[in-house]
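Below: one structure, written as structure tokens.
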Amino acid sequence: MLKLSYFSLIILLFSCSSIKKQRNSDSYNEPYRPQIHFSPKEKWVNDPNGMVYSNGIYHLFFQYYPDSTVWGPMHWGHATSKDLIHWQQQPIALYPDSLGYIFSGSAVVDDNNTSGFGKNGVAPLVAIFTHHDPAGEKQKRNDFQNQSLAYSLDEGKTWIKYAKNPVLKNPGITDFRDPKVFWYEAQKKWIMTLATKDRITFYSSPDLKSWTKESEFGKEVGAHGGVWECPDLFALEDNGKKVWVLIVNLNPGGPNGGSATQYFLGDFDGKNFTSYDTKTRWLDYGPDEYAGVTWSNTGDRKIFLGWMSNWLYANLVPTVAWRNAMTIPRELKLSHVQNDLLVTSLPVAELDNIRLNSVSLDNVEVNKKLDISSKVGQVSFPCKIELNFDKPVDFSIILSNDLNEEVIIGFDNSKKHFFIDRTHSGKTDFYKDFAATHFAPRFSDSSTMNMSLIIDVSSVELFADNGKTVMSEIYFPSQPFNHINLQAPASTQLKKLNYSNLRSIWH
């Protein structure tokens, strides 16, 4: 029998602890692994689901396939955070069962115990999700998607599926899914916003169990290049007035190809959503934000999160241990531009808590090309760059490596649009149209212009004019980018340049 001295035992325990810590660190150090965005430790992830805030914890559930890095039988994965930035992956919350895969949905805090699931004064968390029956789909039936419930009495650690699922049966619509539920206080009832093929259908319930159809919206308005999915309905304040925002994700048919998130503005009276106009508005013009919805139970603060990929190539991107990630959480607000009203998106303020080595410079001269490191020291990723111009001008920010691979982010003043060019960004051959330049209009009419870039090791998120124009883009350089250059016409003056390294959320 091996005997260890007390000192040897301490050394052994310390070594084991160090090895365990190293293994945990290594699991988030693979090529292309996002350092400031949530991604699962391994395997496939798509839509964010069941996002709910309860007792100081942000819950993020997500479409998850734990057996492969390509899409398969859907589960609800689970992660938690106290600050929307640092995430702890939890055990799988919901597994497929005899009724089918666990597709997208939402979660609520049932404070009044309308469902009757609560016990001993504990308000239940209730998940409302789509049961997707693969056998019914294979048989080409039109009723293979139905809405079901599960509840938790221990803050989301364990879940009990409702014995009488499904609670909302399919009336014969092939795409009948993604329930987003909220409490409508004015009429003391729950409202379900459901994606139903080419439109949104609203249902109401007193108890989350029995549902009544209220109305439909959208058959002949908005973008219809593909199936409507993952809707959300909530109110934002505009100078004391309540404006209702209806988010509808669309695949395909986005402004730059494939998946994207559109929205409508209007009124909601507990039965009907009435849009102010028939304009098609996009929440994010980049190719890599989809299935985005908001957290429930956050009061007047509306926090949005999307899946950072595109169904055109999500199964093909060149990662190994895991596949796909989420965007940075974003706070949504309203902003007026002349006679129009826009939803703006900006990274949540909590992101500033991981800033390191911030450098702020005023009145920076750009003589055609400026190496940012000459002003701020050696650049590294992830980082945040903020630019302020006295007037709109042509400019480009070039992320590059020593192999001459690059991503170019910029603004074309003559065409009044922003762009992200990943044509020469590294590995692009996994999908024929991945190497491309994408565009987004400038909406602001301000005489000044600003831009904020959140740059991870394999993605950039652009927020221009205080979030009026937003783009999300992923890329896969053969070796990490290590240079940032700014290009502009001769003698362009940058009113302000802020650069900050961002600390990894995993280490």
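The values are calculated or read from the model by the stated rules, or taken from the named source; none is laboratory data. Keep in mind it's a predicted model, so treat the numbers as computed, not measured. When we count neighbours, we look across all protein chains shown, and the Cβ atoms used for this are built from the backbone with ideal geometry, even at glycine.
Results, tabulated for the structure shown:
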{"item": "Strands (runs of 3 or more DSSP E) contained entirely in region 64-179, each with at least 2 residues that are within 22 Å of the chain's Cα centre (by Cα) and closer than 17 Å to Asn46 by Cβ", "result": "75-81, 88-94, 101-109, 125-132"}
{"item": "Filtered residues of region 392-414 (kept if aliphatic (A, V, I, L, M) and either more than 26 Å from the chain's Cα centre (by Cα) or on the phi > 0 side of the Ramachandran plot (or both))", "result": "Val393, Leu403"}
{"item": "Any hit, region 171-178, residues being surrounded by fewer than 23 Cβ atoms within 10 Å (Cβ to Cβ), among the acidic types (Asp, Glu) and closer than 30 Å to Gly72 by Cβ", "result": "yes"}
{"item": "Residue within region 209-231 that is in contact with a strand residue (DSSP E or B) (Cβ under 7 Å, 6 or more places away or on another chain), of a type outside the set (A, V, I, L, M, F, W, C), exposed (fewer than 14 other Cβ atoms within 10 Å of the Cβ) and closer than 23 Å to Glu331 by Cα present", "result": "no"}
{"item": "Single match in Gly270, Gly257 (criterion: in contact with a helix residue (DSSP H, G or I) (Cβ under 9 Å, 6 or more places away or on another chain) and assigned to a loop (DSSP other than H, G, I, E, B))", "result": "Gly270"}
{"item": "Of the criteria (1) in contact (Cβ under 8 Å) with a residue 60 or more places away in the chain; (2) of a type in the set (Asp, Glu); (3) within 25 Å of Asn401 (Cβ to Cβ), which one Asp445 fails", "result": "(3)"}
{"item": "Tabulated pairs, region 294-311, first outside any loop (DSSP other than H, G, I, E, B), second of a type in the set (Lys, Arg) and at pLDDT below 95, C-beta under 8 angstrom, 6+ apart or interchain", "result": "none"}
{"item": "Conditions (1) free of Cβ contacts under 8 Å to residues at least 40 places away in the same chain; (2) outside any strand (DSSP E or B): number failed by Thr201", "result": "(2)"}
{"item": "Subset of region 361-391 [at pLDDT below 95, within 26 Å of the chain's Cα centre (by Cα) and more than 17 Å from Asn482 (Cβ to Cβ)]", "result": "none"}
{"item": "Matching residues in region 468-482 - criterion: being of a type outside the set (Ser, Thr, Tyr) and assigned to a loop (DSSP other than H, G, I, E, B)", "result": "Lys468, Phe476, Pro477, Gln479, Pro480, Phe481, Asn482"}
{"item": "Every pair of residues 6+ apart whose Cβ atoms lie under 9 Å, when the first sits in region 218-240 and is of a type in the set (S, T, N, Q) while the second is surrounded by fewer than 22 Cβ atoms within 10 Å (Cβ to Cβ)", "result": "Asn239/Leu334; Asn239/His336"}
{"item": "Those residues of region 483-500 which are assigned to a strand (DSSP E or B) and not aliphatic (A, V, I, L, M), in sequence order", "result": "His483, Asn485, Gln487, Thr492, Gln493, Lys495, Lys496, Asn498, Tyr499, Ser500"}
{"item": "Any pair with Cβ under 7 angstrom, 6 or more apart, that starts in region 90-112 at a residue that is among the hydroxyl-bearing types (Ser, Thr, Tyr) and ends at one that is surrounded by fewer than 22 Cβ atoms within 10 Å (Cβ to Cβ) and not in a strand (DSSP E or B)", "result": "Tyr101/Pro73; Tyr101/Pro134"}
{"item": "Per-region count, region 477-496, residues among the hydrophobic types (A, V, I, L, M, F, W, C), touching a Lys or Arg at 6+ places or on another chain (Cβ under 9 Å), over 24 Å from Asp445 (Cβ atoms) and buried (at least 20 other Cβ atoms within 10 Å of the Cβ)", "result": "1"}
{"item": "Residue in region 352-360 that is crowded, with 19+ Cβ neighbours inside 10 Å, of a type outside the set (Phe, Trp, Tyr) and either assigned by TED's automatic domain parsing to the domain that holds Ser446 or over 18 Å from the mean Cα position of the chain (by Cα) (or both) present", "result": "yes"}
{"item": "Lone unmet requirement of (1) assigned to a loop (DSSP other than H, G, I, E, B); (2) surrounded by 23 or more Cβ atoms within 10 Å (Cβ to Cβ); (3) not aliphatic (A, V, I, L, M) for Lys279", "result": "(2)"}
{"item": "Residue match in region 121-134 (condition: at pLDDT below 95 and in the same structural domain as Tyr290 (by TED's automatic domain parsing))", "result": "yes"}
{"item": "Hey, Gly266 free of Cβ contacts under 8 Å to residues at least 24 places away in the same chain, more than 24 Å from Phe103 (Cβ to Cβ) and over 18 Å from the mean Cα position of the chain (by Cα) or not", "result": "yes"}
{"item": "Some residue of region 355-373 being under 17 Å from Ile474 (Cβ atoms), in contact with a Ser or Thr (Cβ under 9 Å, 6 or more places away or on another chain) and assigned to a loop (DSSP other than H, G, I, E, B)", "result": "no"}
